[in-house]
């Protein structure tokens, strides 16, 4: 199984690819307000050299509470890839900010293998970041 996973904490982003059972990872530090260069990250784990995106069976991202904006950026990017390629996508809960992208792909594989019949769980439209704190936003016209 081939899995691509990403995580961002706002000031660093990690990406991993699991090809069969071998994992290749890359971690990059950056300014909190900078969006990472996706192509640069992918190239550093062997994209277009060791694998192509259409060979990925499952996309995953860490649903990290450390930076909601960074998590939304990664979720949007992977939703676009998964939807365009017709592949599943999952948000892997990382409530305590305990792991990097290599753990994302390991956990994603475990979740996928346990729930392969639950198509809704892996539908890219349903892979949304969550935020554990009450935002206290008020909807307009309520």
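Read-outs throughout are calculated quantities, based only on the coordinates presented, and are distinct from any laboratory measurement. Just so it is clear, the structure is predicted and the values come from calculations on it, not from any experiment. Methodologically, a virtual Cβ is constructed for each residue, glycine included, from the backbone with ideal geometry; neighbour enumeration extends over all protein chains shown.
Annotations for the structure displayed:
- Peptides ranked, highest mean first, by Cβ atoms within 10 Å: ranges 75-86, 10-21: 10-21, 75-86
- Inter-part distance where the range 79-128 and the range 50-69 are each reduced to a Cα centre, Å: 7 Å
- Between helix 68-85 and the chain: long-axis angle, C-alpha atoms, 0 to 90°, nearest 10: 50 degrees
- Percent antiparallel among DSSP beta bridges (both partners in the chain, rounded to 5): 60 percent
- Quarter of the Cα convex hull surface for the range 50-132, i.e. its orientation-mean projected area (nm²): 5.5 nm²
- C-alpha long axis of helix 101-114 to longest principal axis of the chain, angle in °: 90 degrees
- Per residue, the average separation of C-alpha pairs within less than 8 Å and at least 6 apart gives the chain a relative contact order of 27 percent.
- Stokes-Einstein D (µm²/s) once Rh is taken as the Kirkwood radius of the range 1-80 over alpha-carbon pairs, at 37 °C in 0.692 mPa s: 259 µm²/s
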